[in-house]
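Worksheet: one structure, shown below.
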Amino acid sequence: MKEILDIDFNLLKCLDTLLEERSVSKAACRLGVKQPAMSAALVRLREAFQDELFTRGHRQMIPTKRALDLKEPVRKIVKDISTIFQPKAFDPFLTEATVAIATTDYTLKTIVPQLLQALKSAAPDLRISLMFEKGHHLVTALEAGKVDLALITDQNPIKHLQCEPLFEDRYVGVLRRDHPILATGKNISIDDFCALEHAIISSPIEEFSCTIDETLRQMGKSRNVRLSANYITSLVDFLKTSDLISVLPSRLLVGLPELEIFELPVEAPTFRTIAAWHPRTEFNPVHIWLRTQVFDQLKNELFKN
C-alpha cells in the first residue's frame, strides 16, 4: 500500500465513478476524459490498493470485495473535497447569520436606516450589529473579523482595505430658519461667517471642521467657535434653539425644516462615502451578498440623484 501522500486524489474520483458506472468507457464519458486515460487511472488504482478492484463480467465490470469496502469511504472523501471547492450556496432568506457593520455618526444618520430596511426585507432573520470604529482600530477589527463591512468617509484614507465609493457629499452652512442674520436679507460674507458663533463636531468618529478651518487658515482667518459637540444629533438640536451656525455635510440636513442652508463664502471640497472591507472576506458568500446589498440599495438607487 502506498503512503497517502503518494496518492493522487483525482484517482479517488475515478474510483468513485468506476464503482457507480461499472464501465471504463462510461466512467470516462462521465468525467469528460478519454477512455485510455481512465484505463490508465484504473491501472494506477490497482497498484495503489494492491488489488484488482474490478474483474470482467458479462456486461459490466464486477467490483472485488476490496473495491466494495472502499466504496463508501471513497465517496465520502470525494464529496468532502468537492464541498471544499464548492461551498454551500448562501440563501439570505434562510440565513441566521450576524453581520457587523462599522459606521460613523454621519453614515449612521444618512444611509444606515435605508440599508437596514433593505437587509430586513431580503434576509428577515439576519442579525445586524452596528458599531463605531476608526483608523487603525477599524483595520484591526476588520482583520479580526469583528467587523464585516465599514461605511465610512474617505477623508481619512485607510490602507490595506478593499474600498468601493458609494456617493459624494459637500459641506454647506447651516443655521436656524429665524436666525437674526437672515433678517438682513444679505448674503453671508466671509467676515460675517467668521464673526458669527460656530458649533463644530469634535467627535473621534468624524471631524467635519477640519477642511473648512484649513481653508480659512490659508486665508489668514478663523472661525469663532463657541461649542463643540460629540454627535451630530446633539449639534443639530443646539442649532435649532440658538444663534449658533455650523458647517455640515448637506445630506445630514435632509428633512429638517427648522434649519436653513446657506452657501459657504469659501470653497469647501466634497468628500466621498465608501464601503470598506478586508481582502480576506473578498470571496465569502455572506460578505459578497452584504456588499451587493449596499451597492444596489445605496449607490444605484437611494443616491442616484
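The values are calculated or read from the model by the stated rules, or taken from the named source; none is laboratory data. Note that this is a predicted model, so its numbers are computed, not measured. Glycine also receives a Cβ, built like all others from the backbone with ideal geometry; neighbour counts cover every protein chain displayed.
On the basis of being assigned by TED's automatic domain parsing to the domain that holds Lys134, exposed (fewer than 13 other Cβ atoms within 10 Å of the Cβ) and in contact (Cβ under 8 Å) with a residue 60 or more places away in the chain, does Glu282 make the cut? Steps first, please.
Working: assigned by TED's automatic domain parsing to the domain that holds Lys134: yes; exposed (fewer than 13 other Cβ atoms within 10 Å of the Cβ): yes; in contact (Cβ under 8 Å) with a residue 60 or more places away in the chain: yes.
When the stated conditions are applied, Glu282 passes them.
If a residue has to be modelled with pLDDT of 90 or more, surrounded by 15 or more Cβ atoms within 10 Å (Cβ to Cβ) and not in a strand (DSSP E or B) to count, how many in region 147-184 make the cut?
4
Matching residues to (1) under 24 Å from Ile201 (Cα atoms); (2) in a loop (DSSP other than H, G, I, E, B); (3) assigned by TED's automatic domain parsing to the domain that holds Ser250; (4) touching a strand residue (DSSP E or B) at 6+ places or on another chain (Cβ under 6 Å):
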site	(1), (2), (3), (4)
Gln60	no, yes, no, no
Asp80	no, no, no, no
Phe90	no, yes, no, no
Lys120	no, no, no, no
Leu130	yes, no, no, yes
His136	yes, no, no, no
Thr140	no, no, no, no
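Sort through Val236, Val247, Val225 and tell me the only one that's surrounded by 13 or more Cβ atoms within 10 Å (Cβ to Cβ), touching a residue at least 60 places away in the same chain (Cβ under 8 Å) and of a type outside the set (Ser, Thr, Tyr).
Details: Val236 fails: touching a residue at least 60 places away in the same chain (Cβ under 8 Å); Val225 fails: touching a residue at least 60 places away in the same chain (Cβ under 8 Å).
Matching residue, one of Val236, Val247, Val225: Val247.
Give me the residue from region 80-100 that is under 15 Å from Ala122 (Cβ atoms) and surrounded by 14 or more Cβ atoms within 10 Å (Cβ to Cβ) and, out of that set, modelled with the lowest pLDDT.
Among those residues, the one meeting the criterion is Phe90.
Provide a single number: the residues in region 250-274 that are in contact (Cβ under 8 Å) with a residue 24 or more places away in the chain, of a type in the set (Gly, Ala, Ser) and assigned to a loop (DSSP other than H, G, I, E, B).
1
Answer yes or no as to whether Ile201 is assigned by TED's automatic domain parsing to the domain that holds Asp237 and surrounded by fewer than 20 Cβ atoms within 10 Å (Cβ to Cβ).
Numbers: assigned by TED's automatic domain parsing to the domain that holds Asp237: yes; surrounded by fewer than 20 Cβ atoms within 10 Å (Cβ to Cβ): no.
Against the criterion (assigned by TED's automatic domain parsing to the domain that holds Asp237 and surrounded by fewer than 20 Cβ atoms within 10 Å (Cβ to Cβ)), Ile201 does not qualify.
Please find, within region 185-211, the residue that is nearest to Val139 (Cα to Cα) out of those that are modelled with pLDDT of 90 or more and assigned to a loop (DSSP other than H, G, I, E, B).
Only one residue tops the list, namely Leu196.
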